[in-house]
Every structure is written in C-alpha cells, then in structure tokens.
Amino acid sequence: MCSSAPPQPRHRHESAILSNTKMAFISNIAVKAAAVAALLLVAAVSPAARAAAVAVAGGAPSVPAGPLDIAQLGAKGDGKSDSTPMILKAWKNACEATGVQKIVIPPGNYLTGGLELKGPCKSSIIIRLDGNLLGTGDLSAYQRNWIEIENVENLSINGHGTIDGQGALVWSKNQCQHSYNCKILPNSLVLDFVTNVQIRGITLLNSKFFHLNIFECKNVLIDKVTVKAPGDSPNTDGIHIGDSSNVTISSTTIGVGDDCISIGPGSKMIRIHGVKCGPGHGISVGSLGRYKDEKDVEDVQVTGCTIAGTTNGLRIKSYEDSKSSLKASKFLYEGITMDNVSYPIIIDQKYCPNNICVKSGASKVAVNDVVFKNIHGTSNTPEAITLNCANNLPCQGVQLVNVDIKYNGSGNKTMAVCKNAIGKSIGLAKELACI
C-alpha cells in the first residue's frame, strides 16, 4: 500500500494466540475447503463432481427462480449497456437456491456500476467468468467498492475473463499521494467475511484502487491469476490481505503501481508461492501499528517467487509511533530471485511516511523470528539488506541464510545496513553479514 494511502476502514478487535486445539480445528477446515474448492471447479462440467460437491457443501440442488446466465437475463456484451441489474438478479437467483449454483458471465464486454453481492446464501456459488466485466468511470455508480462479496461460504470464481476496473478513467482524481485523509476510490474485487473460496484463472486489470481486497476471510485460494496495471498507477495494490487466515496465493503474476501483495494486521497462515511480482512495490507486511487494536501477524511463508524491477523487495514495516502493541512473527522467505530490485530486503520499525507520525524511536510492534533463506539476484541500490529496527524493541531471531544479492550499478559497493537486529548470518559475503 502506498505510504500516504489510508487502509480500508475496518474495525479491528483483540485476538488471542491460537491454541493447538484451535490450530487442529483450522487444519480440518482447510481440508474441507480444499475439497469444496476442487469440487466446485469441476462441478459445472461433471455431474458426478456436482453431486459430490452437494454432499460436501450440504443440501440438494434446487431450480433457481430465474436464469443464472446474465445474457439470458438481458445483459448485452457491447461494453456500453448497463449490466448491473442482470448480474444482481443472477446473484439473487443463485443465492436463494440450494446446492451448487453456477452464475455465467459469457463472452462479451459487460459494463457495470457497484455490485454488492451479499449472503448468507443457501447455495454454494460458482461464478464462471468467460467475458469481461468493465467498471464504469462514473464514480457516482459506486457506494463503496465495485464488486463486493459479503458473508458467503463456498465460493468459486474461475474462467478466462477479465475484471477491468478501467482505472485510467479516474486515476487523476486520486489524491492519496498528497493527503492521508483522501477519498478512497473503489476497489475492484472485495471479499468480506467469506469462507472457503477459490479464485482461479481470471485477470484483474487496471483497478481504480486495490485490485483484490481480502478482509475477515478464511480458507482462500488464489491460483493462476493475473493482476495488471501500469507501474505508475496510484494505489493499485495487487492483493491486500487483512484479518484473514489460511490464505494461499500460488502461480500468480502481479505487476501494478503499488504493492504486489500487502499483508495487513490480523493475518495468519499466509502462503505465497510461485508468484511473479513486478513492476510494483514488492511483497510487503504492513504498515503495522497505525491504528489501535490491531492484531498480530504470524506464520507467513513466501517461497519460490521472482521479484523484478520493483521499488522494494521483501518488506516488513511498522510505524515508529505505533498505536497498537502487536507482534509480527514466524516469517519465512525462501528461494526468492531478485532482478534489479531496489532495497531487496527490508525490516523497518521506524516507518514514518510524510511526517504523519512522531519520530520518537519507541515502537510497540515486536518483530520476531524472520528467516531470509536462499535469496539471490541483483539490487538496483547499494543497500541490498536494510534492517532498521527500533531502539527500544530490537528485532529478534532474524536469520540471513545463503543470501547472495549484488548491486548492479557502478560507483558503489553492495552493502547491508543493520541497526538493533539480533540474530545470525550464515553463508553470506562479508559485506552482507551484518548480524
């Protein structure tokens, strides 16, 4: 997320660390989610799989009150006619039915305004996206976000179509680069309080603000998705995660104008694998500590990824005058390739953008147990490693293992700058072994 852009306005609550019993319970949920997601993916073409999905999700399928294909409801794929009512009607028909129901967005270009797709639903819903959804440039057509799905269990969005925010029509109205209290433009796709969801194969293009925002969700799989926007487009984060657990992002390509992936407070059990990031601001945790009652971030793994041409690489950042006391712990970054990345590895507990905080040096955000392992490639800045930890709350348990990043410029040497970081360096060149 851009330094001056406010996060999404969501209330945060206190949370306790998960016990072993609860972890086992969540693991069982994850198994069920995977089964439901896999069955939903093939249910549309396989009667046997459809029946199996019904058995897992519960409830026999019923005939919906009306068509689920938006073209049959009167939507015109001409890129000009308003398809909002037809999509809302298809959602209502599917949501009120039982069993597995499939909404179809057929080939074509379908212009829409705000789409609030609310549950709870009686059914498990597949949205088959083979056409392109276009977000109107008329900002009065949105109450808050563009496509917002709330309070739903067992959801699949798949296909080869595109969710095109047409952000270029309104990016000039984004003032968040200049004012922290700016008006936030609509996010393209928002999942609120959704459990057991997979998004596969689709493209998210040119969002007005964030492309995909995941809030208070459980058991989420993002697989083989493409997210694209110009590198200079404002606040167009690829995927933002907040207050969510058991989220997997795999085999996904993201090139945007802000963070490829941003992980906010309250995120747990996050798995990012095989992601290609760039252009953008890298893969970030935070910013943390800006607001009261933020929850811990823990158990994040980023593996087998490539980051190219970004302004940051792997970053953990928290406000210097943090309002919350929270922990960021249990991070593993492994098998990462850096290609011409500025500031490839960063922990910054003294984050204070645009002078909106007090530079006191006293942090309330503890950063513990962070492993950077088998990371190699090139840096566009002499500083390949930056560990800028707080005076009063040093980073603990930081490990730099087999990190080989070289500055690809001239007139300077590769270096590491480390302050108040406690841990160990293994298999690093002397100039990088700063702890």
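The values are calculated or read from the model by the stated rules, or taken from the named source; none is laboratory data. Computed from a prediction, not measured in an experiment: that's the story for all the values here. Neighbour counts are summed over all protein chains in view; Cβ atoms, including those assigned to glycine, are modelled from backbone coordinates with ideal geometry. Each accessible area value is taken on the protein alone, full model and side chains, heavy atoms only, with ligands, DNA and RNA left out. Shrake-Rupley method; radii C 1.70, N 1.55, O 1.52, S 1.80 Å.
Key figures
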item	result
Top-ranked residue in region 304-314 [being open to solvent by less than 30 Å² (accessible area, probe 1.4 Å) and not in a loop (DSSP other than H, G, I, E, B); ranked as farthest from Cys277 (Cα to Cα)]	Leu314
Val370 vs. criteria more than 14 Å from Glu431 (Cα to Cα), open to solvent by less than 30 Å² (accessible area, probe 1.4 Å), in contact with a Lys or Arg (Cβ under 9 Å, 6 or more places away or on another chain) and part of a strand (DSSP E or B)	yes
Odd one out for Ile70, checked against (1) of a type in the set (Val, Ile, Thr); (2) buried (at least 21 other Cβ atoms within 10 Å of the Cβ); (3) out of contact with any helix residue (DSSP H, G or I) (no Cβ under 8 Å at 6 or more places or on another chain); (4) over 24 Å from Asp223 (Cα atoms)	(3)
Enumerated strands (runs of 3 or more DSSP E) restricted to region 186-287, each holding at least 2 residues that are in contact (Cβ under 8 Å) with a residue 12 or more places away in the chain, farther than 17 Å from Asp164 by Cα and open to solvent by 10 Å² or more (accessible area, probe 1.4 Å)	189-200, 218-223, 245-250, 268-273
Some residue of region 352-362 being crowded, with 20+ Cβ neighbours inside 10 Å and not β-branched (Val, Ile, Thr)	no
Filter result for Phe209 (in contact with a helix residue (DSSP H, G or I) (Cβ under 9 Å, 6 or more places away or on another chain) and within 29 Å of Thr136 (Cβ to Cβ))	yes
Cys389 in contact with an Asp or Glu (Cβ under 9 Å, 6 or more places away or on another chain) and in contact (Cβ under 8 Å) with a residue 12 or more places away in the chain	yes
Criterion (crowded, with 16+ Cβ neighbours inside 10 Å, of a type outside the set (Ser, Thr, Tyr) and either farther than 15 Å from Leu314 by Cα or out of contact with any His (no Cβ under 7 Å at 6 or more places or on another chain) (or both)) met by exactly one of Gly427, Gly411, Gly377	Gly377
Neighbours by Cβ (under 6 Å, 6+ apart or cross-chain): first from region 149-162, closer than 15 Å to Leu204 by Cα and assigned to a strand (DSSP E or B); second β-branched (Val, Ile, Thr) and open to solvent by 10 Å² or more (accessible area, probe 1.4 Å)	Ile157/Ile127; Thr162/Thr203
Residue within region 375-384 that is within 21 Å of the chain's Cα centre (by Cα), assigned to a strand (DSSP E or B) and under 23 Å from Tyr407 (Cβ atoms) present	no
Residue identified as of a type in the set (Asp, Glu), part of a loop (DSSP other than H, G, I, E, B) and at pLDDT 95 or above among Glu298, Glu294	Glu294
Near pairs, Cβ below 6 angstrom, 6+ apart or cross-chain, from region 165-181 (at pLDDT below 85) to any residue that is among the β-branched types (Val, Ile, Thr) and surrounded by fewer than 20 Cβ atoms within 10 Å (Cβ to Cβ)	Tyr180/Ile356
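Matching residues to (1) surrounded by 17 or more Cβ atoms within 10 Å (Cβ to Cβ); (2) in contact with a strand residue (DSSP E or B) (Cβ under 6 Å, 6 or more places away or on another chain); (3) more than 25 Å from Asn235 (Cα to Cα):
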site: Gln101; (1), (2), (3): yes, yes, yes
site: Gly113; (1), (2), (3): yes, no, no
site: Lys122; (1), (2), (3): no, no, yes
site: Asn151; (1), (2), (3): no, yes, yes
site: Ser156; (1), (2), (3): yes, yes, yes
site: Gly161; (1), (2), (3): yes, yes, no
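Conditions (1) among the small types (Gly, Ala, Ser); (2) assigned to a loop (DSSP other than H, G, I, E, B); (3) touching a Lys or Arg at 6+ places or on another chain (Cβ under 9 Å), marked per residue:
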{"residue": "Asp339", "(1), (2), (3)": "no, no, no"}
{"residue": "Val358", "(1), (2), (3)": "no, yes, no"}
{"residue": "Ser363", "(1), (2), (3)": "yes, yes, yes"}
{"residue": "Leu393", "(1), (2), (3)": "no, yes, yes"}
{"residue": "Val398", "(1), (2), (3)": "no, no, yes"}
{"residue": "Ile405", "(1), (2), (3)": "no, no, no"}
{"residue": "Val417", "(1), (2), (3)": "no, no, no"}
